[in-house]
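Read the structure below first, then the notes.
The values are calculated or read from the model by the stated rules, or taken from the named source; none is laboratory data. Since the structure is predicted, the reported quantities are computational estimates derived from the model, not experimental observations. Note that each Cβ is placed from the backbone with ideal geometry, even for glycine, and that neighbours are counted across all protein chains shown.
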């Protein structure tokens, strides 16, 4: 780890609250031709659940393909 990354992580750890924002398409779920078939990767779901369980941490997922996100949101929450 670089010294810069170490410093950034130390600053983050001292923050009173943290917002973790993730894009759905191509980050949590692979990009697919039909957005209604987009599904989150299992490891993404685990990571988001773990983050959301931390105190003072809010997780937000954004997507331009709202249909795919709405269909799969129940897997994350």
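A few remarks follow.
- Any hit, segment 7-16, residues being loosely packed, with under 11 Cβ neighbours inside 10 Å, at pLDDT 90 or above and under 14 Å from the mean Cα position of the chain (by Cα): no
- Restricting attention to segment 32-54, the residues being in a loop (DSSP other than H, G, I, E, B) and loosely packed, with under 11 Cβ neighbours inside 10 Å number 3.
- In segment 17-24 there is at least one residue that is at pLDDT 80 or above, surrounded by 14 or more Cβ atoms within 10 Å (Cβ to Cβ) and part of a loop (DSSP other than H, G, I, E, B).
- Residue 61 satisfies every condition listed in (1) touching a residue at least 12 places away in the same chain (Cβ under 8 Å); (2) in contact with a helix residue (DSSP H, G or I) (Cβ under 9 Å, 6 or more places away or on another chain); (3) part of a loop (DSSP other than H, G, I, E, B) except (3).
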